[in-house]
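Have a look at the structure below before the remarks.
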Amino acid sequence: MSERSPATDCAQALHAIDPVTGAIVPPLHAGTTFARDRDYQPIGGRIYGRDEIPTVEPAERLLTRLEAGADALLLSSGMAAATAVFRALVRPGDHVVAQDVMYFAMRAWLVRFAADWNVALDLVDTSRPDALSAAVRPGQTRIVWIETPANPTWSVADIAASAAVAHGAGARLVVDSTAATPVHTRPIEHGADLVMHSATKYLNGHGDVLAGALVTARIDDAWRALRAHRRDDGGCLGPFEAWLLLRGMRTLFARVERQSASALELARRLERVAGVRVLYPGLPSHPGHEVARRQMRGGFGGMLSIQVDGGRDAALAVARRLEVFVRATSLGGVESLVEHRHTAEGAQTISPPDLLRLSIGLEDVEDLWRDLEQALAARR
Ligand SMILES: Cc1ncc(COP(=O)(O)O)c(C=O)c1O
């Protein structure tokens, strides 16, 4: 039979039928240590749970398949996955280029890491390939880090163009693909070396697991260093979280396709509301639309932001009036969330004060629209 589509493999968790019981759901093994036989050989090939938890492996295999990669690692959070890349692959004296607008906590961590470890860091607008070309230092740049679409403006970086620049300088391209999800973008097919996800978001999708993921294009020394880093730093994922994550991933395509369709519909309607600017890569008015059309398949994701006339107070007043959207941080879950990033990020914020970030869930899109409409109408 010809190769199945990723959506089929996802729904069936790679046709996971437990060979022992015939159950169509993978078992949950809680054990953290594994027995040896009398000749002191590991009975099941495993020794200890920090990097050999059986329940983690089916989720890693599925992720490898979804991203068309060579291997995957799950870690205890998205931040654990992202920071592992720098801790394992960057040394004092190296140079790193990252995006100037990206997930705030990651940006703040990277600035601190670079200062503490004598790593040269340039934060550039990676939606402009010329800015990236000007920033890389051949032979010294180790990592080029992009997030696309990027929090909270959903700016779009061209993965293939970024990969060409990174590789030309002898660096690796790492893509935080949390918002795009493997449903819409497979960065490895565009030349990325590593893909990172906050699996807390769309991959799990139900707001009940913290997890992070790395997927590699090839198994090389860097990948072996990352695997050793997870084992030795101990940022591994627990079996219960991995089991829940795999259960969540089985509905990934159905969730994301619906969330993207609703987000596009809401973005189009919001664009017609006076005094509201919409940031959504699926709209022709978005500066990243053309690149997004090229590298995103089947939709533009479930995340959008609006900027409202009247600044911070007006944005907070809209958030206060929303009744269906839940006021909470995070994204990619089944329920719609609204967040005033400027408040959430604190004193060092990089988010405009008039911006509200919307994570579109699985509710009836008409309920979401009515909620936004009444909250925005009350401004006038
Ligand atoms: C784009 C992106 N990357 C990374 C992270 C960090 O993930 P986690 O919260 O799972 O540590 C987040 C969390 O909001 C995110 O939105």
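Leaving ligands, DNA and RNA out of it, report the carbon-plus-sulfur percent of the accessible area of the chain at a 1.4 Å probe. Result for the chain: 53 percent of the exposed heavy-atom area is carbon or sulfur. If Rh is defined by the Kirkwood formula over all Cα pairs and Rg also comes from Cα, what ratio Rg/Rh do you get for the stretch 322-380? Rounded to two decimals, Rg over Rh is 1.00. Here the alpha carbons of the chain define both size measures, Rg and Dmax, at 21.2, 79 Å. Kindly list the residues of the stretch 43-59 that lie in the label zone of Asp18, defined by a backbone N under 19 Å from the point 7 Å along the Cα-to-C-beta vector. Label zone hits: 44, 53-59. Relative to the longest principal axis of the Cα atoms of the chain, the long axis of helix 221-233 lies at roughly 90 degrees.
Computed over the stretch 169-305, the percent of Cα pairs more than 22 Å apart is 48. Probing with 1.4 Å while keeping every protein chain in the model, the per residue accessible area of the chain equals 42 Å². The angle separating the long axis of helix 56-66 from the principal Cα axis of greatest extent in the chain is about 60 degrees.
Per-residue ellipticity at 222 nm from helix content only, as computed over the chain with -39500 (n - 2.57) for each DSSP H run of at least four residues, stands at -11000 deg cm²/dmol.
Ranked by the mean number of other Cβ atoms within 10 Å of their residues, highest first, the peptides 178-190, 132-144 come out as 178-190, 132-144. Report the percentage of all Cα-Cα pairs in the stretch 1-74 whose separation exceeds 19 Å, rounded to a whole percent. It works out to 48 percent of all Cα pairs.
Computed over Cα pairs, the Kirkwood radius of the stretch 100-139 leads via Stokes-Einstein (1.002 mPa s, 20 °C) to a diffusion coefficient of 192 µm² per second. Karplus-based coupling profile of the stretch 207-219, in residue order and whole Hz: x, 10, 9, 9, 7, x, 9, 10, 10, 10, 6, 8, 8, with θ = phi - 60° in 6.51 cos²θ - 1.76 cosθ + 1.60 and x standing for Gly or Pro.
How high is the relative contact order of the stretch 264-351? Use alpha-carbon pairs under 8 Å, at least six apart in sequence, and give a whole percent. About 19 percent, as a whole number.
The values are calculated or read from the model by the stated rules, or taken from the named source; none is laboratory data. These numbers come from a predicted model, not from an experiment. Positions of Cβ are generated from backbone atoms using ideal geometry, with glycine treated the same way; all protein chains shown enter the neighbour counts. Ligands, DNA and RNA are stripped out before the accessible areas are found, and what is left, the full protein with its side chains, is counted by its heavy atoms. Shrake-Rupley method; radii C 1.70, N 1.55, O 1.52, S 1.80 Å.
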